Amino acid sequence: MKILVIGSGAREHALVWRLAQEADVICAPGNPGIEDEVECFAVAAVDTPGLIALAREQAVDLVVYGPEDPLILGGADAFRAAGFAVFGPGSAGAQLEGSKAFSKEFMVSAGIPTATHESFVDAQTAIEYARIRFADGYGVVVKASGNALGKGVIVCEDIFEAEDAIQRIMVDRIFGDAGAEIVIEDRLDGREFSLFTLISDNYAASLPIARDYKRIGTGDSGPNTGGMGSFSPDASITPDLLHEVEERIIRPTVVELHRRGLPYRGNLFTGVMLHKGRPHCLEFNVRFGDPETQSLMARIRGGFAAALYAAAVGEAIPPVEFSDDAAVTVVLASAGYPGEYTRGKRIEVGPVGENVKLFHAGTTVVDGWLVTNGGRVMSVTATGETVEAARFAAYQAVSSVRFEGMQYRSDIAESI
Ligand code: AMP
Ligand code: GLY
């Protein structure tokens, strides 16, 4: 089987690395790390005609999308119309991520437990709603409805922060057009985890739980990022809880997709929060998560390519085999991230252990030197018999990588 993986981040590096152990893989556009694994082609992830031409020329059997933006724009639809098997939903299903207003409405009509919310296209009405929620004793979270690369969510401590968030998202448009509509929802509180479910029309198969660290700073301080680290498995999420997530969130989602006539073949990423001990759905994404994917790929033993292919062609999904080992991923980011960040800093990489993998994200090669070229630069993923052993190995490997201004969290997988 020949697979084309689309994308250029550490998530795609991890997908390529895993899939290449099971199949023949090419990537577009890739990055310097992915180029060390497989052949890469300089076609952008949103250049759908260019990608289809490449897939024809290379006679690929399966197309796997990494990022969400080309899915929201209909990339998978175009590939399907051209006769390819594609892992990734069409633009209609991708609205589960492309529009938070749509996805909240979807959750409510499917009876999925989620925070109470309202959607707004007018700032003044939104501010009045936030005032009422605070007066009634709730906290609020203000979310840009459109796609804002995981950063369009502001958790507000008081009404002043909420008013400021509404002003900045809707009026100042700090997230661009993604902020034309906003969702305001009640603030929930509790442990969070990510569940990935491979969906093949009416079949669904969840992968093991991974946990993600969203805030930039150690101890969960500072603004949200795309994700600063992850680990898997998470023993604190019991089989009973998982069963409840499957029954109350995943199964109703598959039923609702079917009821609405929304074909879905790809990964559904459910962000879950245990509010008052019960699972609530915070969000859906229509792609694999970054950096959860890095930890999950390191734990797979086999069957991944076959599972993605089955989902892409609407067949029952065969089981993916996971090892009992744990994996921990620490993200290395540029100075300034998630705000304005530096680029072009030379990266030095020393020797790392056999159980360690460096997945590239924002890197490029200039004059023969590997340099930084993005906010999240690299993911350091290590495996071990326990989460503690994997954590130790990951941080040991972190100390083998250097670039000016490198920042990372020192508490990934620490207090679990
Ligand atoms: P989202 O992109 O919707 O998952 O939001 C990003 C992050 O914001 C989540 O991972 C949570 O940490 C936080 N968040 C989102 N919605 C809520 C909520 N209703 N209550 C508390 N925190 C939230
Ligand atoms: N790690 C969270 C995300 O990929 O959105």
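Summing +1 for each Lys or Arg and -1 for each Asp or Glu, what net charge is found among the other residues whose Cβ lies under 14 Å from the Cβ of G50?
Its environment carries a net charge of -1.
Based on the Cβ-Cβ distance from M1 to D164, what FRET efficiency comes out when R0 is 41 Å, to the nearest 0.05?
Computed FRET efficiency for M1 and D164 comes out at 0.20.
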- Taking H as built 1.01 Å from N, whose amide H comes closer than 5 Å to the amide H of V377, not counting residues under 5 places away? L332, A333, S334, G362
- Residue order, fewest to most surrounding Cβ atoms within 10 angstrom, among H117, H243: H243, H117
- Item | Total formal charge among the other residues, if their Cβ is under 10 angstrom from that of I159, Lys/Arg +1 and Asp/Glu -1 | -3
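What's the local net charge at K143, with K and R +1, D and E -1, over the other residues with C-beta under 13 Å away?
On the way: positive: K100, K104, K151, R168, R187; negative: E97, E118, E181, E185, D186, E283.
Local net charge: -1.
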- Extension gain E157-A389, at 0.36 nm per residue separation less the Cα-Cα distance, in nm? 79.9 nm
- Spatially proximal lysines relative to K104 (Cα-Cα < 24 Å; intrachain offsets below 8 disregarded): K143, K151, K214, K276
- Query: At q = 0.08 Å⁻¹, what base-10 log of I(q)/I(0) does the Debye formula yield for the chain when every alpha carbon is treated as an equal point scatterer in vacuo?
  - Reply: -0.41
- Task: Please work out whether the range 8-153 counts as rounded, prolate or oblate from its C-alpha gyration tensor, where a ≥ b ≥ c are the square roots of the eigenvalues and a/c under 1.5 means rounded, while otherwise a/b larger than b/c means prolate and anything else oblate?
- Result: prolate
- Query: Which residue, S399, S295, S232, tops the fluctuation ranking in a GNM of the chain built on C-alpha contacts under 10 Å?
  - Reply: S399
- Query: Which of V60, T48, F106 sits farthest toward the positive end of the charge dipole of the range 30-111, with +1 on the Cβ of Lys and Arg and -1 on the Cβ of Asp and Glu?
  - Reply: F106
- Listing M170, M378 from the residue with the fewest other Cβ atoms within 10 Å to the one with the most, what is the order? M170, M378
- Quick one: if you stick a label point 7 Å off each Cα along the C-beta vector at S400 and D324, how many nm between them? 2.7 nm
- Query: To the nearest 20 debye, what is the magnitude of the charge dipole of the range 288-342 about its Cα centre, counting +1 on the Cβ of each Lys and Arg and -1 on the Cβ of each Asp and Glu?
  - Reply: 80 debye
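We did not get these values from a lab; they are worked out from the coordinates using the rules stated. Predicted, not measured: the structure shown is a model, and the values here were computed from it. Every residue, glycine as well, gets a Cβ built from its backbone with ideal geometry; the counts of neighbours run over all protein chains shown.
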